[in-house]
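As structure tokens, the structure follows; a few thoughts come after it.
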Amino acid sequence: MLPWTTLLATLALFVSSLTLPSQAQLLTFSRQDLIDYTVQNPFDRFPDGRPKIPDDLIERARGLSSEEVWAGLEEYKGLNNQYADGFQILHPGKTMVGRVFTVQFMPLRSDVDDVAQAKAKAKGLENLHNQTAIDMLQPGDVLVVDLFGKKADGTIVGDNLFYYVMRATHSGGLVVDGSIRDLDGISQIDMPGYFLSVDPTPIGNVMLTGINVPIRIRGVTVMPGDLAVGDREGVYFIPPQAVKAVLDRADETHVHDEWTKKKFDEGKYKSSEIYGSPKDPKLKKEYEEYLKTRLEEIRKQRESHN
């Protein structure tokens, strides 16, 4: 999360220069800022500059586990803080994958919020609240919200807004460093959700301070346009430039695990002879040939489906 001084300066800068077409915003990076801060993005972008990871890569990522993401990110310097856990998980058996849409709240400070609300109203926006951001969601998005761990009054959605997020994102998902309400109703909705706590109170005593800006979720710096991948353990936030490499490495891991289990099924080898890498040169060659063949098969299967 950016320092208070930086955030307040950013607030003044962005609100003062804000134009409010149909998608109004409080403060956000300009298109150029988003491009500058995600300069390594190799993909197309949304009109506002947010990286747009391709749909086919998002579909490939649905088979990833946390361990596979970790293995792929391990090769990147400076990406050692991409994993967040400690959440309650709404549907543990359902993988969450999507493009990150970030929202930031802070504890309410009336003098700051009054100015922000007045400037927004002057630009044609009636009020700044959680639905300001929710109404901007796109298909394939995962709504990622920094509510600084707040429980009471820190509920980003109840069942009605959770349902709206599901419809708007096509079941993308929700991650909130905060709480939700109406768990009984939300649990009936088929969309992944990660949250710290549940509370009956509506959201309050907070102010909306950022949309599609860098935020902190647990111990992770999350950027707009990251790829969120969540399983029953936690959530990874993968920068766009690392997505392809992580997915390719995951293919190798899948094939390695497949071959390893086949050799275990033969009942001829001790685990240490096969895992993590075969010790015998003949077995090593067998594995390398198997890996090459299977990766070619996987690639051809994908091409036939495109």
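The values are calculated or read from the model by the stated rules, or taken from the named source; none is laboratory data. Because the structure is a prediction, the values reported are computed rather than measured. Using ideal geometry, Cβ is built from the backbone for each residue, glycine included, and neighbour counts are taken over all protein chains shown.
Filtering region 96-105 for residues that are in contact with a Phe, Trp or Tyr (Cβ under 8 Å, 6 or more places away or on another chain) and closer than 21 Å to Ser66 by Cβ leaves a non-empty set. Scanning region 74-85 for residues that are more than 15 Å from the chain's Cα centre (by Cα) and closer than 26 Å to Asp146 by Cα returns Glu74, Tyr76, Lys77, Gly78, Asn80. Considering every residue within region 56-68, establish whether at least one is in contact with a Gly (Cβ under 9 Å, 6 or more places away or on another chain) and at pLDDT below 85. Looking for residues that are in contact with a Gly (Cβ under 9 Å, 6 or more places away or on another chain) and at pLDDT below 85, one finds at least one in region 56-68, hence yes.
Say we look at region 137-173 and pick out the residues that are touching a helix residue (DSSP H, G or I) at 6+ places or on another chain (Cβ under 9 Å) and of a type in the set (Asp, Glu); which of these is nearest to Leu90 (Cα to Cα)? It comes out as Asp159. If you go through region 116-155 and keep only what is surrounded by fewer than 16 Cβ atoms within 10 Å (Cβ to Cβ), in a helix (DSSP H, G or I) and touching a residue at least 24 places away in the same chain (Cβ under 8 Å), you end up with just Gln131.
In region 66-85, the residues that are in contact (Cβ under 8 Å) with a residue 60 or more places away in the chain and buried (at least 17 other Cβ atoms within 10 Å of the Cβ) reach residues that are polar (S, T, N, Q) and not in a loop (DSSP other than H, G, I, E, B) with C-beta atoms within less than 6 angstrom, at least six apart or across chains, in these pairs: Glu68/Thr253. Can we say Asp182 is over 29 Å from Ala118 (Cα atoms) and surrounded by fewer than 24 Cβ atoms within 10 Å (Cβ to Cβ)? Judged against the criteria, Asp182 is a match.
One residue stands out among those in region 221-233 that are out of contact with any helix residue (DSSP H, G or I) (no Cβ under 6 Å at 6 or more places or on another chain) and surrounded by fewer than 21 Cβ atoms within 10 Å (Cβ to Cβ): the one that is nearest to Lys94 (Cα to Cα), which is Arg232.
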